[in-house]
Amino acid sequence: MGRPLTARIRLDAFRHNYRLAKASHGGRALAVVKANAYGHGAVRCAQAIADEADGFAVASIEEALTLRAAGISAPILLLEGFFETAELPDIQAHDLWIVVHQHWQVEALMATALSRPVTVWLKMDSGMHRVGIEPERYQAVYARLKSHPQVADIVLMSHFSRADEAGSTYLPRQLKIFHESIAGISAPISLSNSAAVLGWSAAHADWARPGIMLYGPDPFVGQMDEPGEPLSARLRPVMQLEGALISVRTIAPGEPVGYGGMFVSDRATRVGVVSCGYADGYPRTAPTGTPVAVDGQLTRLIGRVSMDMLTVDLTDLPKAEIGSRVELWGDQVPVNEVASRVGTIAYELLCNVKRARFVYSDTSY
Ligand SMILES: *Cc1c(COP(=O)(O)O)cnc(C)c1O
(Lines give C-alpha, C1' and ligand atoms only; values in the text may rest on other atoms or scores of the structure.)
Protein backbone atom coordinates (compact mmCIF):
# COMPACT_ATOMS: atom_id res chain seq x y z
CA MET A 1 0.00 0.00 0.00
CA GLY A 2 2.96 2.29 0.40
CA ARG A 3 2.98 5.61 2.14
CA PRO A 4 -0.21 6.00 4.14
CA LEU A 5 -1.69 9.25 2.94
CA THR A 6 -5.16 9.13 1.43
CA ALA A 7 -7.63 11.73 0.27
CA ARG A 8 -10.97 9.97 0.63
CA ILE A 9 -13.54 11.63 -1.59
CA ARG A 10 -17.19 10.96 -0.83
CA LEU A 11 -19.11 11.47 -4.02
CA ASP A 12 -22.45 10.99 -2.29
CA ALA A 13 -21.62 13.99 -0.09
CA PHE A 14 -20.74 15.98 -3.21
CA ARG A 15 -24.09 15.07 -4.76
CA HIS A 16 -25.92 15.95 -1.54
CA ASN A 17 -24.23 19.36 -1.45
CA TYR A 18 -25.08 20.03 -5.11
CA ARG A 19 -28.73 19.24 -4.45
CA LEU A 20 -28.72 21.48 -1.38
CA ALA A 21 -27.16 24.35 -3.37
CA LYS A 22 -29.63 24.02 -6.20
CA ALA A 23 -32.67 23.69 -3.94
CA SER A 24 -31.74 26.59 -1.70
CA HIS A 25 -31.09 28.93 -4.63
CA GLY A 26 -33.91 27.75 -6.89
CA GLY A 27 -33.67 27.66 -10.67
CA ARG A 28 -30.66 26.01 -12.24
CA ALA A 29 -27.13 25.55 -10.92
CA LEU A 30 -23.78 25.20 -12.65
CA ALA A 31 -21.47 23.08 -10.50
CA VAL A 32 -18.14 24.90 -10.40
CA VAL A 33 -15.44 22.25 -10.88
CA LYS A 34 -12.49 24.46 -11.88
CA ALA A 35 -9.01 23.67 -10.55
CA ASN A 36 -9.70 19.94 -10.75
CA ALA A 37 -12.85 20.39 -8.67
CA TYR A 38 -11.04 22.38 -5.98
CA GLY A 39 -8.52 19.55 -5.73
CA HIS A 40 -11.09 16.73 -5.50
CA GLY A 41 -10.88 15.36 -9.05
CA ALA A 42 -13.07 17.08 -11.66
CA VAL A 43 -13.92 14.02 -13.72
CA ARG A 44 -15.07 11.90 -10.80
CA CYS A 45 -17.04 14.75 -9.24
CA ALA A 46 -18.70 15.69 -12.53
CA GLN A 47 -19.58 12.07 -13.27
CA ALA A 48 -21.18 11.75 -9.85
CA ILE A 49 -23.81 14.36 -10.74
CA ALA A 50 -23.74 14.03 -14.54
CA ASP A 51 -27.35 12.93 -14.86
CA GLU A 52 -28.76 15.71 -12.71
CA ALA A 53 -26.44 18.71 -13.00
CA ASP A 54 -27.67 21.60 -15.13
CA GLY A 55 -24.09 22.19 -16.18
CA PHE A 56 -20.53 22.74 -15.05
CA ALA A 57 -18.17 25.71 -14.88
CA VAL A 58 -14.41 25.60 -15.34
CA ALA A 59 -11.57 28.07 -15.82
CA SER A 60 -10.16 27.03 -19.17
CA ILE A 61 -10.75 25.04 -22.31
CA GLU A 62 -8.23 22.47 -21.11
CA GLU A 63 -10.36 21.81 -18.04
CA ALA A 64 -13.50 21.64 -20.20
CA LEU A 65 -11.98 19.20 -22.69
CA THR A 66 -10.95 16.89 -19.84
CA LEU A 67 -14.62 16.68 -18.88
CA ARG A 68 -15.79 16.20 -22.46
CA ALA A 69 -13.20 13.44 -22.97
CA ALA A 70 -14.63 11.69 -19.91
CA GLY A 71 -18.09 11.71 -21.47
CA ILE A 72 -19.63 14.73 -19.77
CA SER A 73 -22.22 16.06 -22.22
CA ALA A 74 -23.95 18.69 -20.04
CA PRO A 75 -23.29 22.37 -20.72
CA ILE A 76 -19.84 23.56 -19.66
CA LEU A 77 -19.18 27.26 -19.08
CA LEU A 78 -15.69 28.73 -19.44
CA LEU A 79 -15.63 31.26 -16.59
CA GLU A 80 -13.02 33.43 -18.25
CA GLY A 81 -14.15 32.76 -21.78
CA PHE A 82 -11.38 32.44 -24.33
CA PHE A 83 -7.87 33.82 -23.82
CA GLU A 84 -7.14 33.96 -27.53
CA THR A 85 -9.29 33.84 -30.64
CA ALA A 86 -7.64 30.60 -31.74
CA GLU A 87 -9.66 28.77 -29.06
CA LEU A 88 -12.98 29.50 -30.76
CA PRO A 89 -13.00 26.49 -33.12
CA ASP A 90 -12.54 24.09 -30.18
CA ILE A 91 -15.15 25.96 -28.17
CA GLN A 92 -17.53 25.36 -31.06
CA ALA A 93 -16.50 21.79 -31.69
CA HIS A 94 -17.09 20.85 -28.06
CA ASP A 95 -20.18 22.95 -27.61
CA LEU A 96 -18.88 25.07 -24.71
CA TRP A 97 -20.47 28.18 -23.28
CA ILE A 98 -18.31 31.24 -22.80
CA VAL A 99 -18.17 34.13 -20.40
CA VAL A 100 -17.48 37.37 -22.26
CA HIS A 101 -15.92 39.92 -19.94
CA GLN A 102 -13.60 42.03 -22.13
CA HIS A 103 -14.30 44.25 -25.12
CA TRP A 104 -11.65 42.53 -27.20
CA GLN A 105 -13.55 39.26 -26.72
CA VAL A 106 -16.70 40.87 -28.10
CA GLU A 107 -14.81 42.11 -31.15
CA ALA A 108 -13.08 38.76 -31.68
CA LEU A 109 -16.37 36.91 -31.43
CA MET A 110 -18.02 39.19 -33.99
CA ALA A 111 -15.11 38.97 -36.39
CA THR A 112 -14.78 35.18 -36.41
CA ALA A 113 -16.94 32.99 -38.61
CA LEU A 114 -18.56 30.32 -36.43
CA SER A 115 -20.20 27.11 -37.53
CA ARG A 116 -23.16 27.65 -35.19
CA PRO A 117 -24.31 30.27 -32.69
CA VAL A 118 -22.57 30.29 -29.32
CA THR A 119 -24.10 30.81 -25.85
CA VAL A 120 -22.61 33.82 -24.09
CA TRP A 121 -22.63 34.74 -20.40
CA LEU A 122 -22.04 38.48 -20.51
CA LYS A 123 -20.23 39.53 -17.36
CA MET A 124 -20.63 42.97 -15.83
CA ASP A 125 -18.10 44.60 -13.51
CA SER A 126 -20.61 45.67 -10.88
CA GLY A 127 -17.88 46.51 -8.35
CA MET A 128 -15.30 43.77 -8.04
CA HIS A 129 -13.08 45.60 -10.54
CA ARG A 130 -11.27 42.58 -11.83
CA VAL A 131 -12.97 41.65 -15.08
CA GLY A 132 -16.31 42.47 -16.67
CA ILE A 133 -17.93 45.05 -18.93
CA GLU A 134 -18.38 48.47 -17.35
CA PRO A 135 -22.00 49.06 -16.21
CA GLU A 136 -22.39 52.10 -18.45
CA ARG A 137 -21.34 50.18 -21.54
CA TYR A 138 -23.20 46.96 -20.73
CA GLN A 139 -26.43 47.74 -22.56
CA ALA A 140 -24.61 48.63 -25.76
CA VAL A 141 -22.51 45.47 -25.68
CA TYR A 142 -25.60 43.40 -24.95
CA ALA A 143 -27.42 44.94 -27.89
CA ARG A 144 -24.52 44.25 -30.23
CA LEU A 145 -24.23 40.63 -29.19
CA LYS A 146 -27.99 40.16 -29.27
CA SER A 147 -28.32 41.34 -32.83
CA HIS A 148 -25.49 39.14 -34.05
CA PRO A 149 -26.52 35.89 -35.74
CA GLN A 150 -23.54 34.07 -34.20
CA VAL A 151 -24.79 34.60 -30.67
CA ALA A 152 -27.45 32.23 -29.35
CA ASP A 153 -28.59 32.82 -25.77
CA ILE A 154 -27.16 35.51 -23.52
CA VAL A 155 -27.08 35.17 -19.73
CA LEU A 156 -26.55 38.35 -17.72
CA MET A 157 -23.87 37.73 -15.15
CA SER A 158 -21.85 39.40 -12.42
CA HIS A 159 -19.69 38.27 -9.49
CA PHE A 160 -19.55 39.53 -5.89
CA SER A 161 -16.37 40.48 -4.08
CA ARG A 162 -17.72 40.34 -0.52
CA ALA A 163 -20.57 37.80 -0.51
CA ASP A 164 -18.81 35.84 2.26
CA GLU A 165 -19.09 38.75 4.69
CA ALA A 166 -22.33 38.48 6.61
CA GLY A 167 -24.01 41.89 6.66
CA SER A 168 -21.78 43.38 3.97
CA THR A 169 -23.10 46.64 2.56
CA TYR A 170 -21.01 46.21 -0.56
CA LEU A 171 -23.00 43.31 -1.99
CA PRO A 172 -26.27 45.29 -2.00
CA ARG A 173 -24.41 48.08 -3.77
CA GLN A 174 -23.19 45.67 -6.47
CA LEU A 175 -26.69 44.26 -6.79
CA LYS A 176 -28.17 47.73 -7.24
CA ILE A 177 -25.64 48.70 -9.89
CA PHE A 178 -26.27 45.44 -11.72
CA HIS A 179 -30.05 45.79 -11.76
CA GLU A 180 -29.97 49.47 -12.73
CA SER A 181 -27.61 48.70 -15.58
CA ILE A 182 -29.70 45.91 -17.09
CA ALA A 183 -33.00 47.80 -16.89
CA GLY A 184 -35.19 46.88 -19.83
CA ILE A 185 -33.26 43.74 -20.80
CA SER A 186 -35.17 40.51 -20.51
CA ALA A 187 -32.71 37.61 -20.21
CA PRO A 188 -31.67 35.02 -17.63
CA ILE A 189 -29.46 36.23 -14.76
CA SER A 190 -26.65 34.59 -12.79
CA LEU A 191 -25.07 36.26 -9.76
CA SER A 192 -24.59 33.84 -6.88
CA ASN A 193 -21.48 31.97 -5.83
CA SER A 194 -21.75 29.69 -2.78
CA ALA A 195 -21.82 32.49 -0.21
CA ALA A 196 -24.60 34.26 -2.08
CA VAL A 197 -26.52 30.99 -2.46
CA LEU A 198 -26.33 30.48 1.32
CA GLY A 199 -26.63 34.01 2.60
CA TRP A 200 -28.04 36.45 0.06
CA SER A 201 -31.46 35.47 -1.23
CA ALA A 202 -31.84 38.92 -2.84
CA ALA A 203 -29.14 37.84 -5.30
CA HIS A 204 -30.85 34.58 -6.26
CA ALA A 205 -31.87 34.51 -9.90
CA ASP A 206 -32.07 32.04 -12.80
CA TRP A 207 -28.68 30.37 -12.48
CA ALA A 208 -26.46 29.75 -9.42
CA ARG A 209 -22.72 29.10 -9.64
CA PRO A 210 -21.86 27.22 -6.43
CA GLY A 211 -18.26 26.11 -5.95
CA ILE A 212 -16.83 25.74 -2.46
CA MET A 213 -20.09 24.64 -0.82
CA LEU A 214 -20.21 21.59 -3.09
CA TYR A 215 -17.08 20.37 -1.30
CA GLY A 216 -18.47 21.01 2.17
CA PRO A 217 -16.89 24.16 3.67
CA ASP A 218 -19.15 26.95 4.83
CA PRO A 219 -17.94 30.07 2.97
CA PHE A 220 -19.03 32.19 5.93
CA VAL A 221 -16.80 30.18 8.27
CA GLY A 222 -19.47 30.30 10.94
CA GLN A 223 -20.06 34.08 10.88
CA MET A 224 -23.78 33.68 10.25
CA ASP A 225 -25.72 33.56 13.44
CA GLU A 226 -29.21 33.25 12.07
CA PRO A 227 -31.93 31.81 14.24
CA GLY A 228 -32.30 28.06 13.84
CA GLU A 229 -29.99 25.81 11.95
CA PRO A 230 -28.08 27.60 9.21
CA LEU A 231 -28.23 25.96 5.81
CA SER A 232 -24.47 25.57 5.85
CA ALA A 233 -24.78 23.12 8.77
CA ARG A 234 -26.35 20.69 6.31
CA LEU A 235 -23.29 20.67 4.04
CA ARG A 236 -21.19 17.53 4.23
CA PRO A 237 -17.40 17.49 3.95
CA VAL A 238 -16.40 15.68 0.78
CA MET A 239 -12.67 15.19 1.42
CA GLN A 240 -11.14 13.33 4.35
CA LEU A 241 -7.38 13.80 4.31
CA GLU A 242 -5.96 10.88 6.23
CA GLY A 243 -2.44 9.93 7.20
CA ALA A 244 -1.17 7.49 9.80
CA LEU A 245 1.29 7.46 12.68
CA ILE A 246 4.66 6.25 11.43
CA SER A 247 6.60 6.79 14.69
CA VAL A 248 5.77 7.25 18.36
CA ARG A 249 8.26 8.25 21.06
CA THR A 250 8.20 9.88 24.49
CA ILE A 251 10.47 12.83 25.16
CA ALA A 252 11.51 14.33 28.46
CA PRO A 253 10.34 17.75 29.66
CA GLY A 254 12.29 20.59 28.09
CA GLU A 255 13.09 18.79 24.82
CA PRO A 256 12.45 20.47 21.43
CA VAL A 257 10.62 18.78 18.55
CA GLY A 258 11.35 19.16 14.84
CA TYR A 259 13.02 21.84 12.70
CA GLY A 260 13.91 24.96 14.58
CA GLY A 261 12.90 23.38 17.90
CA MET A 262 9.71 25.37 17.61
CA PHE A 263 7.92 23.28 20.22
CA VAL A 264 9.52 22.52 23.58
CA SER A 265 7.82 20.01 25.86
CA ASP A 266 6.73 21.25 29.31
CA ARG A 267 6.14 17.69 30.53
CA ALA A 268 7.03 14.18 29.42
CA THR A 269 5.42 14.23 25.98
CA ARG A 270 4.38 11.41 23.71
CA VAL A 271 5.16 12.57 20.19
CA GLY A 272 3.55 11.01 17.12
CA VAL A 273 4.88 11.47 13.60
CA VAL A 274 2.28 11.60 10.82
CA SER A 275 2.80 10.72 7.15
CA CYS A 276 1.79 14.12 5.81
CA GLY A 277 3.76 17.28 5.20
CA TYR A 278 3.79 20.47 3.21
CA ALA A 279 4.73 18.64 0.02
CA ASP A 280 1.30 17.02 0.30
CA GLY A 281 -0.42 20.38 0.58
CA TYR A 282 -0.68 20.57 4.37
CA PRO A 283 0.28 24.17 5.21
CA ARG A 284 3.78 24.59 6.60
CA THR A 285 2.64 27.64 8.53
CA ALA A 286 0.19 25.63 10.68
CA PRO A 287 1.17 26.45 14.28
CA THR A 288 1.33 24.28 17.38
CA GLY A 289 -2.25 23.80 18.49
CA THR A 290 -3.78 23.23 15.07
CA PRO A 291 -6.31 20.40 15.53
CA VAL A 292 -5.83 16.89 14.17
CA ALA A 293 -7.77 13.72 15.05
CA VAL A 294 -5.92 10.51 15.94
CA ASP A 295 -8.09 7.39 15.94
CA GLY A 296 -11.11 9.64 16.23
CA GLN A 297 -9.81 11.71 19.14
CA LEU A 298 -8.94 15.35 18.78
CA THR A 299 -5.45 16.47 19.65
CA ARG A 300 -2.98 19.06 18.42
CA LEU A 301 -0.16 19.55 16.00
CA ILE A 302 3.15 20.36 17.72
CA GLY A 303 6.30 21.84 16.22
CA ARG A 304 6.98 22.77 12.63
CA VAL A 305 5.42 20.95 9.71
CA SER A 306 8.14 19.42 7.53
CA MET A 307 8.04 18.30 3.91
CA ASP A 308 6.90 14.72 4.39
CA MET A 309 5.98 14.56 8.07
CA LEU A 310 4.35 16.47 10.86
CA THR A 311 4.27 15.86 14.59
CA VAL A 312 1.33 15.59 16.97
CA ASP A 313 0.84 15.41 20.72
CA LEU A 314 -0.20 11.93 21.90
CA THR A 315 0.37 12.50 25.60
CA ASP A 316 -3.32 12.16 26.38
CA LEU A 317 -3.87 9.41 23.80
CA PRO A 318 -2.10 6.40 25.32
CA LYS A 319 -3.74 3.97 22.90
CA ALA A 320 -2.43 5.68 19.79
CA GLU A 321 0.31 3.63 18.14
CA ILE A 322 2.13 3.20 14.87
CA GLY A 323 -0.51 2.72 12.19
CA SER A 324 -3.19 4.74 13.97
CA ARG A 325 -5.30 6.73 11.55
CA VAL A 326 -4.81 10.51 11.61
CA GLU A 327 -7.36 12.88 10.12
CA LEU A 328 -5.75 16.13 8.97
CA TRP A 329 -9.14 17.46 7.87
CA GLY A 330 -12.55 16.02 7.20
CA ASP A 331 -15.51 15.18 9.43
CA GLN A 332 -13.77 15.77 12.74
CA VAL A 333 -11.37 18.54 11.82
CA PRO A 334 -13.12 21.06 9.58
CA VAL A 335 -10.81 22.24 6.81
CA ASN A 336 -12.07 25.75 7.61
CA GLU A 337 -10.54 25.38 11.09
CA VAL A 338 -7.10 24.51 9.71
CA ALA A 339 -7.42 27.31 7.15
CA SER A 340 -8.22 29.94 9.75
CA ARG A 341 -5.21 28.88 11.86
CA VAL A 342 -2.95 29.72 8.93
CA GLY A 343 -4.75 32.82 7.70
CA THR A 344 -6.12 31.34 4.53
CA ILE A 345 -9.36 29.85 3.24
CA ALA A 346 -10.43 26.25 2.76
CA TYR A 347 -10.33 26.77 -1.02
CA GLU A 348 -6.54 27.08 -1.00
CA LEU A 349 -5.90 24.07 1.22
CA LEU A 350 -8.19 21.82 -0.80
CA CYS A 351 -6.72 22.92 -4.14
CA ASN A 352 -3.21 22.22 -2.86
CA VAL A 353 -3.65 18.55 -1.94
CA LYS A 354 -1.22 16.42 -3.91
CA ARG A 355 0.82 13.25 -3.68
CA ALA A 356 -1.97 11.62 -1.64
CA ARG A 357 -3.74 8.54 -2.94
CA PHE A 358 -7.24 9.52 -4.02
CA VAL A 359 -9.89 6.97 -3.07
CA TYR A 360 -13.46 7.57 -4.19
CA SER A 361 -16.59 6.21 -2.57
CA ASP A 362 -20.25 6.60 -3.37
CA THR A 363 -22.62 4.98 -0.94
CA SER A 364 -25.88 6.01 -2.52
CA TYR A 365 -25.46 3.72 -5.54
C1 LIG B 1 -14.99 30.26 -8.78
C2 LIG B 1 -16.22 31.01 -9.18
C3 LIG B 1 -17.45 30.72 -8.59
C4 LIG B 1 -17.61 29.76 -7.42
O5 LIG B 1 -17.30 30.46 -6.25
P6 LIG B 1 -17.42 29.78 -4.78
O7 LIG B 1 -17.09 30.88 -3.86
O8 LIG B 1 -16.43 28.68 -4.76
O9 LIG B 1 -18.81 29.28 -4.68
C10 LIG B 1 -18.58 31.35 -9.08
N11 LIG B 1 -18.47 32.27 -10.08
C12 LIG B 1 -17.30 32.60 -10.64
C13 LIG B 1 -17.25 33.62 -11.71
C14 LIG B 1 -16.13 31.99 -10.20
O15 LIG B 1 -14.96 32.32 -10.75
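Some notes on this structure:
- Exactly one residue out of Val312, Val305, Val326 is outside any strand (DSSP E or B), at pLDDT 95 or above and within 21 Å of Arg355 (Cβ to Cβ), and it is Val305.
- Within region 84-127, considering residues that are within 15 Å of the ligand (Cβ to nearest atom) and among the charged types (D, E, K, R), the one surrounded by the fewest Cβ atoms within 10 Å (Cβ to Cβ): Asp125
- Subset of region 64-83 [closer than 17 Å to Leu122 by Cβ and open to solvent by less than 60 Å² (accessible area, probe 1.4 Å)]: Pro75, Leu77, Leu78, Leu79, Gly81, Phe82
- Scanning region 269-299 for residues that are touching a Lys or Arg at 6+ places or on another chain (Cβ under 8 Å), of a type outside the set (Gly, Ala, Ser) and not in a loop (DSSP other than H, G, I, E, B) yields Arg270, Val271, Tyr278, Asp280, Pro291, Val292, Val294.
- Strands (runs of 3 or more DSSP E) wholly inside region 1-83 that include at least 2 residues being away from the ligand (no atom under 16 Å from the Cβ) and either over 15 Å from the mean Cα position of the chain (by Cα) or among the acidic types (Asp, Glu) (or both): 6-10
- Condition met for Lys22 (of a type in the set (Lys, Arg), farther than 20 Å from Ala346 by Cβ and touching a strand residue (DSSP E or B) at 6+ places or on another chain (Cβ under 7 Å)): yes
- Residues of region 281-302 classified as under 22 Å from Asn352 (Cα atoms) and either touching a Ser or Thr at 6+ places or on another chain (Cβ under 9 Å) or of a type in the set (Asp, Glu) (or both), total: 9
- Any hit, region 236-245, residues being under 30 Å from Ala23 (Cβ atoms), surrounded by 14 or more Cβ atoms within 10 Å (Cβ to Cβ) and charged (D, E, K, R): yes
The values are calculated or read from the model by the stated rules, or taken from the named source; none is laboratory data. Nothing here was measured: the structure is a model prediction, and the numbers come from that model. Glycine gets a Cβ as well: all are built from the backbone with ideal geometry, and neighbour counts include every protein chain shown. Side chains included, ligands, DNA and RNA excluded: accessible areas come from the protein's heavy atoms. Shrake-Rupley method; radii C 1.70, N 1.55, O 1.52, S 1.80 Å.
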